[in-house]
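**Student:** Below is one structure. I have some questions about it.
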Amino acid sequence: MTEMMRAVGFDTFGDPSVLRIVTVPRPLPGRGQVLVKVAAATVNPTDLGFRAGGRALPPDVEPPYIAGMDLAGVIDAVGPEVAGPDGAGRPAGAAGAAWKAGDRVMAAVSPSRPGGGAQAEYVIVDADQLARVPDGWSLIEAATLPMNGLTVRAALDMLALPPGATLAVTGSAGIVGQFAIQLGRHEGLTVIGDAAPAEVELIESFGADRVVPRGVGTEDGIREIYPDGVDAIIDAALLGPAVIGAVRHGGQFLAVRPYQGEPERDISIHLVLVGNHLHEGHRIAELADLVSKGVLTLRVADVRPADHAPEAHRRLAAGGVRGRIVLTF
């Protein structure tokens, strides 16, 4: 008899009311895979777009659709050929140990695949997507790191700025913005954040060297400090053309969604796609080490049971959430 499990799913794209608890077959791990019993799955802005139909799906992905990219839990079962190093020669587990049932792990996965994403009781994860959850961490905290951490790690790698370069970050109060400030400062960059008046101290606590007004005043605020412009911007707030004027001639602009404008002044425009980095579990492990060392900090805004997913989506869409909302199973 096929074992079943619960998941947050939907059959048609739409507003949060389409979300419901669905019952689907419990998957089995294949070659190089593990089955994770999910304890916590984070709700991210990308989940809102997925639910609303903002992403074209492969033809083999059928309803009920299951959203979610971030998860943390415990390995329930291990498929064949999971032990040993991955294809890049890195160990599959900490200190070269093989993954085994009972290991506490976190990962980022794609919802655009058969079987869906992270918001389910059990999720299949390729071994190279996994990172161990350090001792002392809750699984709820761990679920907030993988996708956003990989996004910022990939963004900074694309920019490849030398120590001392100037980096401005929009959307600094969000998780991507926060990680960009913290990682940027850790790597020797001069970082400018943006903030509403009530959140200046928060952004300064992330390590921003300077803080400028958020929104309409961001570009002018940056130019007041750096009249020639900054070396690069990470645009987590999706301001696009409204802030690119703060980049120096020949500088770089990194977008987390496709840039809605024309290139100018020889500025290089990059688009970071975290989906290209989901099999970099070793990078999640490196980020986790930085959390343990106090370089990065994790923020949980709220914890809700999985059947409260519609409410979680509405709250995130309303804005002002500082940290991540986590669903529990």
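No value in this document is a laboratory result; all are computed from the given coordinates. Note that this is a predicted model, so its numbers are computed, not measured. Note: ideal-geometry Cβ built from the backbone for every residue, glycine included; neighbour counts use all protein chains shown.
**Student:** Suppose we look only past 24 Å in the calculated P(r) of the range 136-242. What percent of the Cα-Cα pairs does that tail hold?
**Tutor:** Working: 1093 of 5671 pairs.
Percentage above 24 Å: 19.
**Student:** At 222 nm, what helix-only mean residue ellipticity would the chain give, in deg cm²/dmol to the nearest 500, using -39500 (n - 2.57) for each DSSP H run of four or more? Display every interim value, and only then the final one.
**Tutor:** Values: 8 runs with 74 residues, N = 329.
About -6500 deg cm²/dmol.
**Student:** Take every Cα pair under 8 Å in the range 94-158 that's 6+ residues apart, average their separations, divide by the length, and report that relative contact order as a whole percent. If you can, show how the numbers build up before the last one.
**Tutor:** Details: 40 pairs, mean separation 23.1, N = 65.
Result for the range 94-158 is 36 percent.
**Student:** Find me the longest stretch of the chain that has none of the exposed trypsin sites (Lys or Arg not before Pro), where exposed means in a DSSP loop (not H, G, I, E or B) with at most 16 other Cβ atoms within 10 Å.
**Tutor:** Values: sites that count: ARG31, ARG55, LYS100, ARG265, LYS293, ARG299, ARG322.
It works out to 101-264.
**Student:** What is the extension gain from LYS293 to ASN276, computed as 0.36 nm multiplied by their sequence separation minus the C-alpha to C-alpha distance, in nm to one decimal? Display every interim value, and only then the final one.
**Tutor:** Details: separation 17, 0.36 × 17 = 6.12 nm, distance 2.70 nm.
That pair, LYS293 and ASN276, stretches by 3.4 nm at full extension.
**Student:** GNM, the chain, Cα, under 10 Å: largest mean-square fluctuation among ALA306, ALA242, ALA56?
**Tutor:** The residue that fluctuates most here is ALA56.
**Student:** Now for a separate question. Where is the GNM fluctuation largest for the chain (alpha-carbon springs, 10 angstrom cutoff): ALA154, ALA40, ALA101?
**Tutor:** The residue with the greatest mean-square fluctuation here is ALA101.
**Student:** Additional query: Could you compute the FRET efficiency for ALA242 and ASP60, with r as their C-beta to C-beta distance and R0 at 56 Å, rounded to 0.05?
**Tutor:** Values: r = 39 Å, r/R0 = 0.70.
That pair, ALA242 with ASP60, gives E of 0.90.
**Student:** Distance in nm between label sites at VAL300 and ALA160, each 7 Å beyond Cα in the beta-carbon direction?
**Tutor:** It works out to 3.9 nm between the two label points.
**Student:** Something else about it: Please build a GNM for the chain, connecting alpha carbons under 10 Å apart, and tell me which residue among GLN260, GLN182, GLN129 fluctuates the most.
**Tutor:** Between GLN260, GLN182, GLN129, it is GLN260 that shows the largest mean-square fluctuation.
**Student:** Can you list the DSSP H helices in the chain whose Cα atoms extend at least 15 Å along the helix axis and whose mean Kyte-Doolittle hydropathy is 0.0 or higher?
**Tutor:** Working: long enough: 146-159 (20 Å, 0.63); 175-186 (16 Å, 0.51); 281-292 (16 Å, 0.33).
Qualifying helices: 146-159, 175-186, 281-292.
**Student:** What spacing in nm lies between the two simple spin-label points modelled at ALA317 and ARG223, each 7 Å away from Cα in the Cβ direction?
**Tutor:** In this crude spin-label approximation the distance works out to 3.6 nm.
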